[in-house]
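Participant: Handing you this structure, nothing more for now.
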Amino acid sequence: MKIVVCVGTGGVGKTSVAAAMALAQARAGAKCLVLTTDPALRLKTALGLKDGLHEQRVAVADAKGELWAAQLDVNATLDDAVLLHAKPANREKILQHPIYRTIAGSLAGMQELMAVERIDQLIRRGFDNIVVDTAPSRHALDTFDKPVLFADFSDSGKVRFVSRTYKFAEAIGLTGVGRGALEIYSRAESIFGTNMVRQILDFYSLFYPIAEGYSERARKTVAMLRDPAVTEFRVVTIPSKAVRDAGFFLEQLKKRKFATGMICVNRTWLHAMPEMAVAGLAAELLDWYRGVSDSQASAIAKMTEAHGSQVREIRVLHELERDVDGVESLRALAVQLEPEPLRATP
Amino acid sequence: MDGSARLVIFCGKGGVGKTTLSLAAGLQHATQGRKVLVVSSHPLSELALAVSLEGLSARFPAAAQNLFVLHIDPKDLIADVVHKYFPVPVMARKILDSSLFTNLIEVAPGLKEFFFLGRMQELSERVKNNSASDVPEYDYLIWDAPASGHFLSTLRSAKSFEVFLTGPLAAAGAQIHRFFSSSGNIQLFPVTPLEEMAIAETLDIATAMTKDFDVTCSAVLVNCASPLCDAPESEIAALEAVRNSSPAMRFAVERGLLERERLAELRARLPLPQVLVPRINHSSNDLDLLVRIGGGMDLSRFA
């Protein structure tokens, strides 16, 4: 099995490129799944994606393999984990907890943790290849830092300690507030209000066993993402951002010991300029195209000079005339990505 | 900025050019002698990755004197609160350094956003305004907001504090929510290229701002517009003849026509003034780009 992880900033078409990479691999014979976060509506429709924890087979006319798609649904993944790992008596308590949804949406690292949890689920479903589309941000790599942080957080026994302290304080009616953590807890409470602090601690005392289960698996999954025999990271960018994105992501990936194989420059306007002379608006339009095209070419050259030696290859993709609105337009991107350098090793 | 809003916000999807347009507007005002503060959602160490102000003081010394760029880390704001609450520094340090406290801050829903919003209001009150009696520190305050989802959840944090908490934080929540629910205080410019998702998020922001905050956006900044966006119909028809003459021409025409359709659809669904910001060939450096964009984008008429 091979895993490809696409990283990139917003607006570069990362989700479409990830889906096209999966399609290219399916065309070459692999059973390949693309895991997307937040796809555009048209792409979502094209891939038949629904909210929840479904993997959807996408019909592709001439593929030797299979294309599958799944979406990262943080809420559904979390609910699933609660049902799976919480003690039966605690399941409803957690799901009905007043801050469960808020926490699920805003807890630092929750989205990241769920992404890794979902990768772990999918790894066990028998796909040859998985292409992961990360959240569109310079901080996307936190996806693979945070689960580890979260693991450290729950392992350090802090949560257990806090929840015990909290239960103890409850039992004695918060009168015996003394020293150490309890003292600090009471101070946090006096600053931020009783409700919030109590609710958080209460929630943690329920949630802790689940976090523990997660963390164990998250560590294993992140270790697999660090194994260059299994996982290849790819930087997806556009010409105007190419130099900066490549520099930034290559450094960040190297720092985290992830292997980068490809820089993919999407949405290029690099068609050859026509010989034919035109006038009026057409000339203005062509001038405009030429200006963008020239600056893109020089940006790509600059990026290649600075970073080309650090990756196996740089792929340049023409921007499509229309949005990716179906498997057909996805194919137009996919053929530009062929031959896919990663072969499945069943 | 007589009578105008105190806080000008550039919002929209990630990667649409909020930072570029914020800095272009800021630089424009600074060049005209106004003192400008841009609060960026990018930490300053990463700002240059989005758009660089390198060489500003050499090329525009006057503007460099007037233009301030700031990133606010909510954790620092919370530390300030703790220091105020515990005037003995050793005690404050002990609390701030405790992992329990750090974890509480990390997970408390909306806490960081709430403190950030409080600081934005505070900064807004330092902006020159006819009704203000205090000494203004800035003539113009720009918030280069985070991407749509995080932007809205930041704005909503004040209301949540009002609803879910009691005591001083709830009162502060109510007061901050009131501030951000007045067109007299904030002025909103969603930024969008003519792309499906960016437009969808623009519509979401506009709807949410009207519904939850009773604030109407001032204008939509249509970024990276093609020359076809504002061309007359007669000239558009003439393109048919050359449309398939080459792959470059076909792409440019298709793209331009698609953008025209989307612009009209955006206008129909969101009847606000539209400011076209042309797609500029990447200039040799970011300052040239900012100057060209800023010069073509006059937002003071929406004051």
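Participant: So between A:Lys93 and A:Met273, what do we pick up on full extension, going 0.36 nm a residue minus the alpha carbon distance?
Facilitator: That works out to 58.3 nm of additional length.
Participant: Here is a further query. Just check the stretch B:196-303 against the gyration tensor rule for me: Cα atoms, a ≥ b ≥ c as the square roots of the eigenvalues, rounded for a/c under 1.5, and otherwise prolate or oblate depending on whether a/b exceeds b/c.
Facilitator: Values: a/c = 2.27, a/b = 1.42, b/c = 1.59.
Note, shape of the stretch B:196-303 comes out oblate.
Participant: Considering amide H positions built from the backbone, and no H for Pro or chain starts, which residues 5 or more places from A:Val316, or on another chain, come under 5 Å of its amide H?
Facilitator: Long-range HN contacts for A:Val316: A:Val265.
Participant: Expressed in nm to one decimal, what extension gain is obtained for the pair A:Thr45 and A:Arg219 from 0.36 nm per residue of sequence separation less their Cα-Cα distance?
Facilitator: 59.3 nm
Participant: Taking amide H atoms as placed 1.01 Å from N in the peptide plane, list the residues 5 or more away in sequence, or in a different chain, whose amide H sits under 5 Å from that of B:Cys11.
Facilitator: When sequence neighbours closer than 5 places are left aside, the close amide H contacts are B:Phe189, B:Val191.
Participant: With a point put 7 Å past each Cα toward its Cβ, work out how far B:Leu70 is from B:Leu257 in nm, to one decimal.
Facilitator: Each label point is offset 7 Å from its Cα along the Cβ direction, giving 5.0 nm.
Participant: Same structure again: For a test of the definition: using alpha carbon positions, the gyration tensor, and the 1.5 limit on a/c, classify the stretch A:260-317 as rounded, prolate or oblate.
Facilitator: Taking the square roots of the gyration eigenvalues as a ≥ b ≥ c, the stretch A:260-317 is prolate.
Participant: Take the alpha-carbon centre of the stretch B:34-62, take the same for the stretch B:167-187, and report the distance between them in whole Å.
Facilitator: A separation of 29 Å, based on Cα centres.
Participant: Sticking with this structure for a sec: Taking only Cα atoms, what is the 0 to 90° angle, nearest 10, from helix B:18-31's long axis to the longest principal axis of chain B?
Facilitator: For helix B:18-31, the angle is close to 90 degrees.
Participant: Among B:Leu239, B:Ala264, B:Val277, whose Cα lies farthest out toward the positive end of the dipole of the stretch B:235-303, if unit charges sit on the beta carbon of Lys, Arg (+1) and Asp, Glu (-1)?
Facilitator: Farthest towards the positive end: B:Ala264.
Participant: Still on this structure, I have one more. Could you derive backbone 3J(HN,Hα) for the stretch A:79-88 from the dihedral phi with the Karplus parameters 6.51, -1.76 and 1.60 (θ = phi - 60°), listing whole Hz in sequence and x where the residue is Gly or Pro?
Facilitator: Per residue, the Karplus-derived 3J(HN,Hα) values read 4, 4, 5, 4, 5, 7, 10, 6, 4, x Hz.
Participant: Cα atoms only: what Rg and Dmax, in Å, come out for the stretch A:206-317?
Facilitator: Rg, Dmax (Cα atoms, Å): 20.8, 72.
Participant: I'd like to compare B:154-161, B:205-212: which one has the highest average count of other Cβ atoms within 10 Å, and what's the full order after that?
Facilitator: B:154-161, B:205-212
Participant: Please give, to one decimal in nm, the separation of the simple spin-label points placed at B:Glu235 and B:Ala171, each 7 Å out from Cα toward the Cβ.
Facilitator: 6.1 nm
Participant: State to the nearest 20 debye the size of the charge dipole of chain B about its Cα centre, where the only charges are +1 on K and R beta carbons and -1 on D and E beta carbons.
Facilitator: In debye, rounded to 20, chain B gives about 340.
Participant: Further question on the same structure: Across the residues of A:310-318, average count of Cβ atoms on other protein chains within 10 Å?
Facilitator: Mean partner-chain Cβ count within 10 Å for A:310-318: 0.
Participant: Sort B:81-88, A:120-127, B:110-117, B:28-35 by packing, meaning the average of other beta carbons within 10 Å per residue, with the highest value first.
Facilitator: The most tightly packed comes first, giving B:110-117, B:28-35, A:120-127, B:81-88.
Participant: With the Cα gyration tensor of the stretch A:287-346 giving a ≥ b ≥ c as the square roots of its eigenvalues, does the rule (a/c under 1.5 for rounded; else a/b larger than b/c for prolate; else oblate) give rounded, prolate or oblate? Display every interim value, and only then the final one.
Facilitator: Values: a/c = 4.19, a/b = 1.14, b/c = 3.69.
Judged from the Cα gyration tensor, the stretch A:287-346 comes out oblate (a/c at least 1.5, b/c at or above a/b).
Participant: Another question about this same structure. Just order A:259-267, B:241-249, A:83-91 by mean Cβ neighbour count inside 10 Å, highest at the front, would you?
Facilitator: A:259-267, B:241-249, A:83-91
Participant: In whole Hz, what ³J(HN,Hα) sequence does the stretch B:150-155 give by Karplus (6.51, -1.76, 1.60; θ = phi - 60°), x for Gly and Pro?
Facilitator: Karplus values, whole Hz, x for Gly and Pro: 5, 4, 5, 5, 5, 4.
Participant: Another question about this same structure. In a shell of Cβ-Cβ distance under 13 Å around B:Val277, excluding B:Val277 itself, what net charge do Lys and Arg (+1) and Asp and Glu (-1) give?
Facilitator: Around B:Val277, the surrounding residues sum to 0.
Participant: Right, next: Estimate the FRET efficiency between A:Gln310 and A:Ala332 by the formula 1/(1 + (r/R0)^6), using the beta-carbon distance for r and 41 Å for R0, to the nearest 0.05. Intermediate values should be presented prior to the final figure.
Facilitator: Working: r = 29 Å, r/R0 = 0.70.
Once the sixth-power term is evaluated, E becomes 0.90.
Participant: Also, I was wondering about something else. Note down the nm distance, to one decimal, between modelled labels 7 Å out along Cα→Cβ at B:Asn244 and at A:Arg322.
Facilitator: 1.6 nm
Participant: Another question about this same structure. Using the beta-carbon distance between B:Leu203 and B:Lys84 and R0 = 51 Å, what value does 1/(1 + (r/R0)^6) give for FRET efficiency, to the nearest 0.05?
Facilitator: With R0 = 51 Å, the Cβ-Cβ based efficiency is 0.80.
Participant: Now a separate question. As an exercise, use a Förster radius of 25 Å and the Cβ-Cβ distance of B:Leu77 and B:Ser182 to find the FRET efficiency, rounded to the nearest 0.05.
Facilitator: Rounded to the nearest 0.05, the efficiency is 0.65.
Participant: Residues in the stretch B:284-303, backbone N under 16 Å from the label point at B:Thr216 (7 Å along the Cα-to-beta-carbon vector): list them, ranges by number please.
Facilitator: B:302-303
Participant: By how many nm would the segment from B:Leu44 to B:Ala58 grow when fully extended, if each residue of separation counts as 0.36 nm and the alpha-carbon distance is taken off?
Facilitator: 3.1 nm
Each value in this text was obtained by applying a stated rule to the coordinates, not by laboratory testing. Computed from a prediction, not measured in an experiment: that's the story for all the values here. Cβ sites come from the backbone with ideal geometry, for glycine too, and all protein chains shown count toward neighbours.
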